[in-house]
Amino acid sequence: MAASWLGKNCKADKCWKIDSSELITMKTLKDSGAIGKQIEDGVRLMGRGAEHIKWPIHLEVSRVTVRAKAAVEAAGGSVRRVYYNKLGLRALLKPEWFEKKGRLLPRAARPPPKQKDKVDSIGRLPAPTKPIPFTTEEKEAMPASTA
């Protein structure tokens with residue numbers, strides 16, 4: 001699992017590459033260079049450097065520590081733990097591979113029963129750009145064009 005630290009990702013050279021108003025997925029982190037090329041099982045968001053988060057960001061990662069989640073939510077953002085199996089992660093990170101082979105993107109897999117309590121939702125393919133609201137209040141607060 002690739003680790004991603006909040007403080008490391010918020011250095012000036014990497015924050016300018018990521019639009020914080022959009023949903024930040026594992027693909028966004030990989031494309032911006034915030035994490036390495038190899039992502040085997042997903043991305044774990046770590047809390048080191050949590051004091052650098054000053055603006056709301058919306059993240060979708062595989063795992064998140066309590067400190068990192070608290071820091072992001074204190075700034076007005078949200079963190080969602082999503083599940084991708086190996087094929088789904090490949091479709092998220094390299095959708096052009098499926099197009100080159102003449103294949104369709106696979107459907108998102110459900111997590112195994114042992115991992116159901118460790119995830120908030122099933123990953124979406126192709127990569128999402130808008131966060132899914134957690135509650136009905138958030139859904140009502142969203143503009144009609146994005147809901």
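Points to keep in mind about this one:
- Residue list for the stretch 69-124, filter: of a type in the set (Lys, Arg) and closer than 16 Å to Asp41 by Cβ: Arg81, Lys86, Arg90, Lys94, Lys114, Lys118
- Residue match in the stretch 26-42 (condition: in contact with a Pro (Cβ under 9 Å, 6 or more places away or on another chain) and of a type outside the set (Ser, Thr, Tyr)): yes
- Some residue of the stretch 19-28 being at pLDDT below 90, in a strand (DSSP E or B) and surrounded by 15 or more Cβ atoms within 10 Å (Cβ to Cβ): yes
- Tabulated pairs, the stretch 86-114, first without any contact (Cβ under 8 Å) to a residue 40 or more places away in the chain, second assigned to a helix (DSSP H, G or I), C-beta under 6 angstrom, 6+ apart or interchain: Leu105/Ala91; Leu105/Phe98; Pro106/Leu87; Pro106/Ala91; Ala108/Gly88; Ala109/Gly88
- Of residues in the stretch 91-147 being among the basic types (Lys, Arg) and under 21 Å from Asp31 (Cα atoms), the one modelled with the highest pLDDT: Lys100
- The listed residue being under 15 Å from Ile24 (Cα atoms) and surrounded by 16 or more Cβ atoms within 10 Å (Cβ to Cβ), out of Gly42, Gly47, Gly88, Gly76: Gly42
- Residue match in the stretch 51-63 (condition: at pLDDT below 90, farther than 22 Å from Lys116 by Cα and buried (at least 20 other Cβ atoms within 10 Å of the Cβ)): yes
- In the stretch 56-88, the qualifying residues are those that are hydrophobic (A, V, I, L, M, F, W, C) and assigned to a loop (DSSP other than H, G, I, E, B), and the one that is farthest from Pro126 (Cα to Cα) is Ala75.
- Subset of the stretch 1-18 (residues that are assigned to a helix (DSSP H, G or I) and either under 20 Å from Gly76 (Cα atoms) or at pLDDT 80 or above (or both)): Leu6, Gly7, Lys8, Asn9, Cys15
- The stretch 36-58 residues that are without any contact (Cβ under 8 Å) to a residue 12 or more places away in the chain, paired with ones that are buried (at least 19 other Cβ atoms within 10 Å of the Cβ) (beta carbon under 8 Å, 6 or more apart): Lys37/Lys30
- Given (1) part of a loop (DSSP other than H, G, I, E, B); (2) surrounded by 14 or more Cβ atoms within 10 Å (Cβ to Cβ); (3) among the aromatic types (Phe, Trp, Tyr), index of the condition Phe98 fails: (1)
- Here Leu23 fulfils each of the conditions (1) in contact with a helix residue (DSSP H, G or I) (Cβ under 9 Å, 6 or more places away or on another chain); (2) closer than 16 Å to Ala127 by Cβ apart from (1).
The values are calculated or read from the model by the stated rules, or taken from the named source; none is laboratory data. Small disclaimer: the values here were computed from a predicted structure and weren't measured. Every residue, glycine among them, receives a Cβ derived from its backbone with ideal geometry; neighbour counts consider all protein chains shown.
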